[in-house]
Amino acid sequence: MSDEPPVRLYCFAHSGETFDHWAANVGAGVEPVQVPLPGHGRRRSEPRVRTHEALLADLLPGLTGPRRGPFVLYGHGLGAMVALAVTRALHEAGLPGPALLAVGAWPPPHKDEDIWLRTALPVLHTDLVLARSVQEAVREPLTAGPLATALLAVASEGNALAPPAIADGWRRWTEGPTWLRTVPGRHFFVRGRELPRLLGRACRITGRLARRPAPVV
């Protein structure tokens, strides 16, 4: 067995504990970690945050501590915007970012019209306020320069909100390598087995690449 620590796969979603079955499906060498937003899932008793700044203040401390090895972020639905916001914040702060940013079931920020927000989210004022705040923030240029993080966009043909043709637009949000993959299902394909299996494979490949010794120049 390898002595390498597992690749941590931090998972963000807008509502509910939707990643409970992932540990049994991602495969060896990958540890899925659910990161619920305040007011959702096991944190439902906490006040919901309304702004991009408050969101990052809540999430970043749990992602910037000592760790061994590479990590990956996956965001589903509004969680895709959260994962992008976290990646950008780490980049701006000069901190180690994810070896791979994976997003699913949400259009890229430049396609994120208000009507889509209202369609995709429960009609809760705080959620819409947060979504708009994050959307506006991630559209701002990065002072630390553009992202070079590898990005995987996952779509499903049955998701009218972000089908493959729209999900492919995520490519413009990083200068790193990008991939688009399609899985069966509709918006909640996060509940199936195909997505965690896909991300498990991606994490293992990413982990191996990230751990390779740097070339001697």
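Could you list all residues from region 77-94 that are open to solvent by 10 Å² or more (accessible area, probe 1.4 Å) and on the phi < 0 side of the Ramachandran plot?
Within region 77-94, Arg88, Ala89, His91, Glu92, Ala93 qualify.
Do we find that Thr143 is under 22 Å from Ala99 (Cβ atoms) and modelled with pLDDT of 95 or more in this structure?
In short, no.
Taking Val190, is it of a type in the set (A, V, I, L, M, F, W, C), modelled with pLDDT under 95 and open to solvent by 30 Å² or more (accessible area, probe 1.4 Å)?
Here the answer is no, as Val190 does not meet what is asked.
Exactly one of (1) farther than 23 Å from Arg68 by Cα; (2) assigned to a helix (DSSP H, G or I); (3) in contact (Cβ under 8 Å) with a residue 12 or more places away in the chain; (4) over 17 Å from the mean Cα position of the chain (by Cα) is unmet by Gly158. Its number?
Gly158 satisfies all of (1) farther than 23 Å from Arg68 by Cα; (2) assigned to a helix (DSSP H, G or I); (3) in contact (Cβ under 8 Å) with a residue 12 or more places away in the chain; (4) over 17 Å from the mean Cα position of the chain (by Cα) except (2).
Give the number of residues within region 161-180 that are open to solvent by 50 Å² or more (accessible area, probe 1.4 Å) and either touching a residue at least 24 places away in the same chain (Cβ under 8 Å) or closer than 17 Å to Leu199 by Cβ (or both).
Adding up the residues that qualify gives 4.
Just give me the residues in region 29-53 being free of Cβ contacts under 8 Å to residues at least 40 places away in the same chain and among the small types (Gly, Ala, Ser), in sequence order.
Answer for region 29-53, where residues must be free of Cβ contacts under 8 Å to residues at least 40 places away in the same chain and among the small types (Gly, Ala, Ser): Gly41, Ser45.
If a residue must be within 11 Å of Val154 (Cα to Cα), among the hydrophobic types (A, V, I, L, M, F, W, C) and part of a loop (DSSP other than H, G, I, E, B), how many such residues does region 170-199 contain?
1
Conditions first: (1) open to solvent by less than 10 Å² (accessible area, probe 1.4 Å); (2) at pLDDT 95 or above. Leu63 passes all but one, so which condition is the exception?
Failing condition for Leu63: (2).
If Ala144 satisfies every condition in (1) over 14 Å from Trp106 (Cα atoms); (2) open to solvent by 30 Å² or more (accessible area, probe 1.4 Å); (3) in a helix (DSSP H, G or I) but one, which is the exception?
Only one criterion is unmet by Ala144, namely (3).
Run down Ala28, Ala57 and say which single residue is exposed (fewer than 14 other Cβ atoms within 10 Å of the Cβ) and within 22 Å of Leu198 (Cα to Cα).
Among Ala28, Ala57, only Ala28 is exposed (fewer than 14 other Cβ atoms within 10 Å of the Cβ) and within 22 Å of Leu198 (Cα to Cα).
The values are calculated or read from the model by the stated rules, or taken from the named source; none is laboratory data. Remember, it's a predicted structure, so these values are computed and weren't measured experimentally. Note that each Cβ is placed from the backbone with ideal geometry, even for glycine, and that neighbours are counted across all protein chains shown. With ligands, DNA and RNA removed, areas are computed over all heavy atoms of the protein, side chains included. Shrake-Rupley method; radii C 1.70, N 1.55, O 1.52, S 1.80 Å.
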